[in-house]
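Taking it in order: structure first as structure tokens, then the write-up.
The values are calculated or read from the model by the stated rules, or taken from the named source; none is laboratory data. These numbers were taken from a predicted model, which means no experiment stands behind them. We place every Cβ from the backbone using ideal geometry, glycine too, and count neighbours over all the protein chains shown.
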Amino acid sequence: MTIEEALTKGKRRLKTPCQNAFIDTPLLDAALLLSEALQKSREELIIHGGEPISDADMKKFSNLLERRRAGECIAYILGRKEFRGLNFTVNPHVLVPRPDTEILLEAALEHIDAMTVQKYKDISVLDLCTGSGALAISLKNERPFVNVTASDISSEALDVAALNAQKLLDTGSSSQNLQFINSDLFQKITEKYNIIMSNPPYVLSKEITSLPPEIQKEPSLALDGGKDGLNLIHKIISLSPDHLHPDGILLLEASPKQMSAIKTLLKNHGFICAGILKDLAGRERVISARMLLSNNQ
């Protein structure tokens, strides 16, 4: 069997209906898994498509296909996921980084650049619920001069984040002034920051079982936002004023359906909504708020 024939067979296998997985890109998934089995790039699969595939490699490929059909997402099977041009290590202890979350990062970068123009000194950012560290590490990679703290309630998630920082950031300025804290939201956070950003769990508890099987295998701690999806968001908004410098910025990713309720929560805790950013599908996904009042003022 050639590589091209194996790819065709893999695509056909993933297109076969199964109860445990939602596979809407069978050709792409098959190509990624075959690349992993053969340790070749997707481009090399095309270039060498007429070459034979060994029985051992075909067995590896078949095993990967069955893992996918069993509901394991591609990122967990490969052990990595690209975010902002960086390959992050991921496993079932962390949420898989998604392209829409880049909107949250871009919002933070925009505010950092504005603060730089205004000659802010020692700009500091807190990334709550950091998970794999995708936001914090990408920010440090693109703005090495910023002081970044990343926190998570899960020690296992922080182990993954620390591994990603060691792997993806150079040993120079981009890896300095980056710390990880094992904390239940602000429990062990003592500093104040110019920006607090978070992609917290915001899925309604009752909707978890209706998510695609692959997503249900991601950590519920990173998905389940309680009855209305706002459990942690409410806590973050109510506690953030004590951890933001005056005129500080709070950035939150959430569901488009939650934006109205979040705006009300922000107003009730001394924030003014500075804008809502849309995701790649044109849905309201990230809300930006500025703190006008401080409990310590």
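Worth a mention:
- Boolean, Glu82 is among the charged types (D, E, K, R), at pLDDT 95 or above and touching a Ser or Thr at 6+ places or on another chain (Cβ under 8 Å): no
- Test result for Gly270, buried (at least 18 other Cβ atoms within 10 Å of the Cβ), on the phi > 0 side of the Ramachandran plot and in contact (Cβ under 8 Å) with a residue 24 or more places away in the chain: yes
- Residues being part of a strand (DSSP E or B) and surrounded by fewer than 19 Cβ atoms within 10 Å (Cβ to Cβ) - total across region 144-182: 4
- Wholly within region 39-143, strands (runs of 3 or more DSSP E) carrying at least 1 residues that are in contact with a Leu (Cβ under 8 Å, 6 or more places away or on another chain): 86-89, 124-128
- Number of the exception - Val96 against (1) modelled with pLDDT under 95; (2) closer than 27 Å to Glu72 by Cα: (1)
- Top-ranked residue in region 1-38 [being within 26 Å of the chain's Cα centre (by Cα) and in a loop (DSSP other than H, G, I, E, B); ranked as surrounded by the most Cβ atoms within 10 Å (Cβ to Cβ)]: Ile23
- Helices (runs of 4 or more DSSP H) fully within region 187-275 that include at least 1 residues being modelled with pLDDT under 95 and among the hydroxyl-bearing types (Ser, Thr, Tyr): 259-268.
- Options Gly225, Gly229: the member that is in contact with a helix residue (DSSP H, G or I) (Cβ under 8 Å, 6 or more places away or on another chain) and on the phi > 0 side of the Ramachandran plot: Gly229
- Taking the numbered list (1) over 26 Å from the mean Cα position of the chain (by Cα); (2) touching a residue at least 24 places away in the same chain (Cβ under 8 Å); (3) closer than 30 Å to Ile287 by Cβ in turn, Gln118 passes all entries but (2).
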